[in-house]
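A.B. asks: Handing you this structure, nothing more for now.
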Amino acid sequence: MGFDKDKIDDCTLALLYLVTHERHEGLGARAWKGFDWDTLNRLHEKGYITNPTGRAKSVGMSEEGFLRAKELFERYFARKATVVPLPKLTVDARKRWNQIPEPDRIEIMDNVFCGQCHGGASMQLREGKMAGRSLVLSGTCKKCGGEVARVIEPTE
Ligand SMILES: [Zn+2]
């Protein structure tokens, strides 16, 4: 198996950030060194850590190494915030939508047809408007992110 050693180095360096201790601002830090030996040697050659040889269970990190480790750690492992925008409904669409009892509204949202999934799916409501006396709801499929819509016919 061929693999990208620089990527391994970056990920290892990122994980070293997780096991740093004795941080000295401007002077780097120390990190536990239970990682692949060859990788640690390459990180040493790149100037990020001190020579990993020796009995100490931790290795010194240069200031540059520590800062790069922190940056890589945040890049690879930070949890991405998923912002779900509030649905936009026109005033009359919202009025019509609110006339529908909540259990029925949930039922409607959970039973839309998604062309990409070729079947039933749940909708993430994005917008609603009236088309004549029908309420047209549109949004995205919770499974695939594709466009879905539902038309609610007038009741009487
Ligand atoms: Zn879908």
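The values are calculated or read from the model by the stated rules, or taken from the named source; none is laboratory data. Please read all numbers here as calculations on a predicted model, not as lab measurements. Here the Cβ is made from the backbone with ideal geometry for all residues, glycine too, and neighbour counts use every protein chain on show.
A.B. asks: So in the range 122-156, with the set limited to residues that are under 22 Å from the mean Cα position of the chain (by Cα) and among the aliphatic types (A, V, I, L, M), which one is nearest to Pro85 (Cα to Cα)?
C.D. replies: Leu125
A.B. asks: Here is a further query. Do you know which residues across the range 97-156 are assigned to a strand (DSSP E or B) and away from the ligand (no atom under 16 Å from the Cβ)?
C.D. replies: Across the range 97-156, the qualifying residues are Glu127, Gly128, Lys129, Met130, Ala131, Ser134, Leu135, Val136, Val151, Ile152.
A.B. asks: Using beta carbons and a limit of 8 Å, which pairs, at least six apart or on different chains, have the first residue in the range 144-156 and in the same structural domain as Arg126 (by TED's automatic domain parsing) and of a type in the set (Val, Ile, Thr) and the second one part of a strand (DSSP E or B) and within 7 Å of the ligand (Cβ to nearest atom)?
C.D. replies: Sorted first by the residue in the range 144-156, then by its partner, the pairs are Val148/Cys114; Val148/Ala121; Val148/Cys141.
A.B. asks: Considering only residues that are farther than 18 Å from Thr140 by Cβ and not acidic (Asp, Glu), which ones fall in the range 82-119?
C.D. replies: Passing the criteria: Thr90, Val91, Arg94, Lys95, Arg96, Asn98, Gln99, Ile100, Pro101, Pro103.
A.B. asks: So which residues in the range 29-59 are in a loop (DSSP other than H, G, I, E, B) and among the small types (Gly, Ala, Ser), if there are any at all?
C.D. replies: Passing the criteria: Gly34, Gly47, Gly54, Ala56.
A.B. asks: Same structure again: What is the number of the single condition among (1) in the same structural domain as Thr20 (by TED's automatic domain parsing); (2) out of contact with any strand residue (DSSP E or B) (no Cβ under 8 Å at 6 or more places or on another chain); (3) basic (Lys, Arg) that Lys57 does not meet?
C.D. replies: (2)
A.B. asks: While we're here: Could you grab me the full set of residues in the range 52-61 that are under 23 Å from Glu25 (Cβ atoms) and among the polar types (S, T, N, Q)?
C.D. replies: Passing the criteria: only Ser58.
A.B. asks: State whether one or more residues within the range 70-87 are within 16 Å of the ligand (Cβ to nearest atom), without any contact (Cβ under 8 Å) to a residue 12 or more places away in the chain and surrounded by fewer than 14 Cβ atoms within 10 Å (Cβ to Cβ).
C.D. replies: No, the range 70-87 contains no residue that is within 16 Å of the ligand (Cβ to nearest atom), without any contact (Cβ under 8 Å) to a residue 12 or more places away in the chain and surrounded by fewer than 14 Cβ atoms within 10 Å (Cβ to Cβ).
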